[in-house]
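Structure first, then comments.
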Amino acid sequence: MTSRELPQQSSRQPSAHTHADAGPLFARFARPRTDTQTTLAIISDVHLSTRESGSWKVYHRTEQRLQTAISDINAREVDGVVFTGDLTENGEQGDFERVAALFADIDAPAVAVPGNHDVPKDFDQHEVATLDWFAETFTPGGLPFRTRIGGVDVIGLDSATGPNESLSATHKGQISAAQIAWLDEVLDEAICPLVVMHHNLPGMLELTGGVSWRSSFPMLDYDPLVEVLEAHDVSLTLSGHLHIPAVAQTERINELICPALSSYPQGYLLLTVDELGTTVRYVPVADGAGAAEAYMLAQDYSDRSKAVAELTQFHLESLPLHDEFV
């Protein structure tokens, strides 16, 4: 694809009411498995802004995209909704309150972990929602959390704050030692665990030739986290942050990297876990014109956004990205 070619996207508006017609197969995994079939909608990188416009994150569409996604998810009668971070562009209290109002419209249980754009930064020059407010509004009792949805234990980690809020001067990510110790204990009792965080493990480096095009990838000091996940035989984690839909592997751990709702391709994932394994489908939220707008804004904004859009398009053309049943 040349830099000016438009991606081929469906022109349909999402209005399906069943899981089977959700969209193309994104990935299939032999694990996790559960006897209680459970379907989760996974939304990432909303970057909602009520004041800004433009950018490769298409700020002027973010509120509309979240509304559309929630309407579509409610029509599917899912068991739960998981947000993998960056609910807002810069953590403004007003933007968070708008997200919270839309969050309340979700019919199913919904939880979120914070992204690097959601937490207070030293360089902020505006009122930012506190982490306590985030936890009270979007989690089932605080961070980190464990909550049972259907047959799945959803385990949410805060990768955006860092030990003693040490990441307040950067957009990098890290899971604190205290959270890793907590995770080690929780995984002893968890049934069908699904570990959720915003920042990424290093597996995606293999898909980019070992090159990291942003300083905040992968997360800092990931080895202790990987050791705990492997010790408990965790098979799948969820993350966002990169704005590139992907499946990556770190050791024996599959990482499902979710597409962005804000930037191209403007969609979410529908993940179903049953007794056979886990099936993931990609659900577009923008119509053809909206997807094309997002793609062209990314092409024109910066070299990084152009690279992200082109790699995203390559992955969409390569679906499914991972299939353990072939």
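The values are calculated or read from the model by the stated rules, or taken from the named source; none is laboratory data. Keep in mind that this is a model prediction, so the values were computed, not measured. Counting neighbours? That spans all protein chains shown, and the Cβs are built from the backbone with ideal geometry, glycine included. With ligands, DNA and RNA removed, areas are computed over all heavy atoms of the protein, side chains included. Shrake-Rupley method; radii C 1.70, N 1.55, O 1.52, S 1.80 Å.
Okay, here's what the table says:
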{"read-out": "Identity of the residue in segment 275-298, touching a Gly at 6+ places or on another chain (Cβ under 8 Å) and under 21 Å from residue 25 (Cβ atoms), that ends up most open to solvent (accessible area, probe 1.4 Å)", "value": "281"}
{"read-out": "Within segment 114-130, considering residues that are crowded, with 16+ Cβ neighbours inside 10 Å and out of contact with any helix residue (DSSP H, G or I) (no Cβ under 8 Å at 6 or more places or on another chain), the one farthest from residue 236 (Cα to Cα)", "value": "121"}
{"read-out": "Exclusive hit being of a type in the set (A, V, I, L, M, F, W, C), under 23 Å from residue 115 (Cα atoms), within 17 Å of the chain's Cα centre (by Cα) and modelled with pLDDT of 95 or more, set 298, 294, 248", "value": "248"}
{"read-out": "Residue match in segment 93-108 (condition: assigned to a strand (DSSP E or B) and closer than 20 Å to residue 285 by Cβ)", "value": "no"}
{"read-out": "Residue 170 under 23 Å from residue 44 (Cβ atoms), in contact with a Ser or Thr (Cβ under 8 Å, 6 or more places away or on another chain), among the β-branched types (Val, Ile, Thr) and open to solvent by 20 Å² or more (accessible area, probe 1.4 Å)", "value": "yes"}
{"read-out": "Segment 139-162, subset of a type in the set (S, T, N, Q) and within 20 Å of residue 200 (Cα to Cα), residue modelled with the highest pLDDT", "value": "159"}
{"read-out": "Residue match in segment 71-78 (condition: open to solvent by less than 30 Å² (accessible area, probe 1.4 Å) and within 26 Å of residue 216 (Cβ to Cβ))", "value": "no"}
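Yes/no per residue for (1) open to solvent by 10 Å² or more (accessible area, probe 1.4 Å); (2) over 17 Å from the mean Cα position of the chain (by Cα); (3) without any contact (Cβ under 8 Å) to a residue 40 or more places away in the chain:
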| residue | (1), (2), (3) |
| --- | --- |
| 61 | yes, yes, no |
| 85 | no, no, no |
| 95 | no, yes, no |
| 98 | yes, yes, no |
